[in-house]
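Engineer: For reference, the structure I am asking about is given below.
None of the figures in this text is laboratory data; all of them are computed from the coordinates on show. These figures come from a predicted structure and were not determined experimentally. Here the Cβ is made from the backbone with ideal geometry for all residues, glycine too, and neighbour counts use every protein chain on show.
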Amino acid sequence: MAITVENPLPIIRSNETITLSGPFITAHFTNATLTHIQVKDLQTHTFLTTQAMDYNEDGDPEEFIFQSDFAPNEQRSFEISLFNKADVTSAIVAAAYLPTQEGMEDFTWENDFIGYRFYGQERAIKQGTGIAMDVWCKRVPEILIEKWYAPSQSYHVDTGYGADHYSSGKNQGCGGTGIFTNDSIYFSNAFYDQHIIANGPIRTVFELKFTGWTLDDDLLEIKRVTLDAGHYFNKIESTYTTDIAALGYTHAVGFVQRDDSYTRIEQDLGWLASWESLGEGKGNLGTGLIAAPDAIVKIDRINNHLVSLLQAKPQTGTSYYAGAAWDQFGAIPSKEAWLHYIAQQAECIQNPCVITEKE
């Protein structure tokens, strides 16, 4: 079958991830085993990388995704067909749990632009790290997890492929979260369980579980993180085993602020941005958040952090995007470029591409 995909916005969309639902594919390919589909760009006559997304891991994909670039208001045509075996494609996203001596139970993930990690329990016990979301500054598009944690390698030293230049050990870093109530933020322990749901080539999805709040010993948060190739922002979905809104709690997402941090808050548009120097010879880093404007209760400065308070809903929790960009590599060379990127990403999230089946 053939489809058209239209960019409804007058802006460029690079590495746009297009999602086709499992039922949509099933309706057109009856009595077929939907393990793989292939997508052909009818403008360039090239086949694109695809990925089947089986979120509940029952062997029946709920979605199929591929990526393409779109000019402002462009409409592109694609042909969808089935094939028995996926081509071997190098992943440009990856996630890994590292219970090694060097990894200290960290969980790290990355794509071709940027990398991230949550500190493990062993590191928290030995080094006093908290629940921050840390940032890896990458200088090359290749997957670097093994290099970051090589026994003879200090990931604080840039030997040509980047380094951990961002300091986030005992603060919230780039989007670490807590519970806000009674004018204070309460934090859990480091994650205690992890599960990777998908690991490339286009998208990585994983879940981490957090508990140990002094506020409520029974509180459990499940944080699902999704990162696509060619993007800076992670989609983060936090659900709680308790209705935190009924208890008067809000979900607090924090971004550490330095003495030289530049900050831009656009609460009505659903985003905030920060820009800071990483030190002499290490460049600059942008961090930021995107959320539905009606989900943001307040954005405030609390304990040297810029904190976005998000209202969590029963069962569904809260959903938002957090990410970072380094000006020494990739598509963001300046503070102005970072602000422009976040503003456009917020528009793209609110206005997804429109998929239509061709007659």
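Engineer: Could you calculate, for the chain, the ratio of the Cα radius of gyration to the Kirkwood radius, expressed as Rg to Rh?
Structural biologist: Checking Rg against Rh, the ratio lands at 0.96.
Engineer: Express the C-alpha Rg of segment 2-87 as a ratio against the empirical globular expectation 2.2 N^0.38 Å, rounded to two decimals.
Structural biologist: 1.12
Engineer: Could I ask something else about it? Order by neighbour count: 13, 258, fewest other Cβ atoms within 10 Å first, most last.
Structural biologist: Going from sparsest to densest Cβ surroundings: 258, 13.
Engineer: Then there is this: Taking the 0 to 90 degree range and rounding to the nearest ten, how far is the long axis of helix 335-350 tilted relative to the main principal axis of the chain, both from C-alpha atoms?
Structural biologist: 60 degrees
Engineer: If you don't mind, there's one more thing I want to ask. Cα extents of segment 50-99 along the three principal axes, largest first, in whole Å?
Structural biologist: 46, 26, 22
Engineer: Which of 255, 180, 83 moves the most in a Gaussian network model of the chain with Cα springs under 10 Å?
Structural biologist: Between 255, 180, 83, it is 83 that shows the largest mean-square fluctuation.
Engineer: Which one, 48, 61, 93, projects farthest toward the positive side of the charge dipole computed for segment 40-94 from Cβ point charges (K/R +1, D/E -1)?
Structural biologist: After comparing all options, I get 48.
Engineer: I need the peptides 281-294, 300-313 ranked by packing, meaning the mean over residues of other C-beta atoms within 10 angstrom, with the highest value on top.
Structural biologist: Order by mean packing, descending: 281-294, 300-313.
Engineer: Mean 1/r over all different Cα pairs, inverted: what Kirkwood radius does segment 179-299 give, in Å?
Structural biologist: With all distinct Cα pairs of segment 179-299 included, I get 16.6 Å.
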